[in-house]
1. Can you pull out the residues in segment 125-147 that are within 16 Å of ligand 1 (Cβ to nearest atom) and either in the same structural domain as Met78 (by TED's automatic domain parsing) or surrounded by fewer than 17 Cβ atoms within 10 Å (Cβ to Cβ) (or both)?
2. For the subset of segment 276-308 comprising residues that are part of a loop (DSSP other than H, G, I, E, B) and of a type in the set (A, V, I, L, M), which member is farthest from the chain's Cα centre (by Cα)?
3. How many residues does segment 171-205 hold that are part of a loop (DSSP other than H, G, I, E, B) and in contact (Cβ under 8 Å) with a residue 12 or more places away in the chain?
4. In segment 72-92, how many are touching a helix residue (DSSP H, G or I) at 6+ places or on another chain (Cβ under 7 Å), among the small types (Gly, Ala, Ser) and open to solvent by less than 20 Å² (accessible area, probe 1.4 Å)?
5. Please determine, by comparing only the residues of segment 7-38 that are in contact (Cβ under 8 Å) with a residue 40 or more places away in the chain and within 16 Å of ligand 2 (Cβ to nearest atom), which one is least open to solvent (accessible area, probe 1.4 Å).
6. With respect to Gln382, determine if the residue is open to solvent by 60 Å² or more (accessible area, probe 1.4 Å), more than 28 Å from the chain's Cα centre (by Cα), under 28 Å from Gln313 (Cα atoms) and of a type in the set (S, T, N, Q).
7. With respect to the numbered conditions (1) out of contact with any Ser or Thr (no Cβ under 7 Å at 6 or more places or on another chain); (2) more than 29 Å from Val153 (Cβ to Cβ), which one is the sole condition not fulfilled by Asp5?
8. Would you please name the residue that is farthest from ligand 2 (Cβ to nearest atom), looking only at residues in segment 148-165 that are assigned to a helix (DSSP H, G or I) and open to solvent by less than 30 Å² (accessible area, probe 1.4 Å)?
Amino acid sequence: MNEYDSNRIYDLTSRIGFKKTYVKEEADCFILNTCHIREKATEKVYDEIGRIKKDFKKTKKPLVIVSGCVAQAESEEMMKREPYIDILIGPQSYHKISDLILSYNRKKQKINETKFDAVNKFDELEKVSNLQNKISSYLTIQEGCDKFCHFCVVPYTRGPEYSRPFKQIVNEAYNLVDNGVREIILLGQNVNAYNFSKSNKNFTLSSLIRELNNIKNLKRIRYMTSHPKDMTEDLISCHKDCEKLMPIIHLPIQSGSDKILRLMNRKHDRNFYLSTIKKLKNVNKNIKISSDFIIGYPGEAKKDFEETLDLIQKIGFVNSYSFIFSPRPGTPAARKKLNNLLESKKRLIKLQNILEKLQLENNKNYLHQYCEVLIENKLENQEKYFGRTKYMSPVIFDSNNCNPGELINVKITSFNQNNLFGFHKVNKVQAA
Ligand code: SAM
Ligand code: SF4
């Protein structure tokens, strides 16, 4: 979501003459769009400001803006800890960025803008074209969360659940496709909780997917991140009816133990999760699932961890993420006794080894097969291209004739854990 927000911040600031530079020393302004989900992400912000300070010590002081969830959660503390910051903007206030910069330039007074204002933000953003023209683009449809998992800061930093107006999203999708986008990834902290009502009509994520499925030049649709509780029958049926909807779903479970799921306040158990996956596979047997896992949650015993490993083997997850529990200020879990960190690290390594093995086995299945790839770009100074399979796996391949945005069949000749490699030759390939 920060990638989407960063692009929109760029769209907004380009209207007051700002341009991107890839040469650090040339910059007059740094905007750090930050994440507060784990402590490590937060600390990175201070490290980066430290580097900017050092680089500009002998020259000018650039304008330093911190936006995003760290600005929201730690605003007062940040201004005290790092006086080099000039402007702080929360994730629901960034539509005001240009006015704030102009005001700062006039008055030279530090600004702290962290109001919760999701409705106003999207109404304002609607007036500024989304200039994104990559082949694959994010599109935020929903923000915030009302679920209050005990480990998570999102309900406090992004605020309550808010769904953007249906028509506003559809217009933005058409705009993106007109710019050359061929894949749209619908985004939300709880994307499948999307729910918008107007004139007695109710729109859900499935209504949106069905609408986007009709956009002529759009080739692929994805959505993330979903909560298991919100995987409705209607959404599941989209995986049968909508040919542009890709057969991979990021559906975090966090833990395979019912005891831990209860302590996390996840509002679903292991059986509910398994039955949801069964329903998905019943409508499309090719669906694959990825997940997030939190290891070392307060109270996680060896048995709970083993139940997580067992679930991983049962489901055979692909492309998953795993983290050691990071206590976040203000959340209920932060008040609990921490697990032994060394033991948690050992568990994380064990779990990641299993996930890596599954990923490798999954990639091995592609060997000597043709698979459908959406081409995203040509690699610099090489006759090689980059694209992704339906399941998001990155593919690097040689081709004698192809263009970004095309869907082609690539023959896979080798693989590693993260990538597939192959070739594409016009007139010689058959669909898998
Ligand atoms: N809404 C999604 C869901 O319900 O699963 C998750 C969104 S959350 C922004 C992204 C991921 O960060 C979570 O799935 C979780 O695994 C991880 N995460 C969140 N808080 C964490 C914490 N305190 N410590 C470690 N990982 C955390
Ligand atoms: Fe955080 Fe997801 Fe739980 Fe909401 S549902 S509190 S975003 S982990």
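1. Correct list: Asp146 only.
2. Checked segment 276-308; the qualifying residue farthest from the chain's Cα centre (by Cα) is Ala301.
3. 7
4. Of the residues in segment 72-92, 1 are touching a helix residue (DSSP H, G or I) at 6+ places or on another chain (Cβ under 7 Å), among the small types (Gly, Ala, Ser) and open to solvent by less than 20 Å² (accessible area, probe 1.4 Å).
5. Ranking the candidates gives His36 first.
6. So Gln382 does not fit the description; no.
7. Evaluating Asp5 over (1) out of contact with any Ser or Thr (no Cβ under 7 Å at 6 or more places or on another chain); (2) more than 29 Å from Val153 (Cβ to Cβ) leaves (2) as the failure.
8. Thr157
The values are calculated or read from the model by the stated rules, or taken from the named source; none is laboratory data. Keep in mind that what you see is a predicted model, and the values were worked out from it rather than measured. A quick note on method: Cβ atoms are made from the backbone with ideal geometry, for glycine too, and the neighbour counts reach across all protein chains shown. Keep in mind that these areas ignore ligands, DNA and RNA; they rest on the heavy atoms of the full protein, side chains included. Shrake-Rupley method; radii C 1.70, N 1.55, O 1.52, S 1.80 Å.
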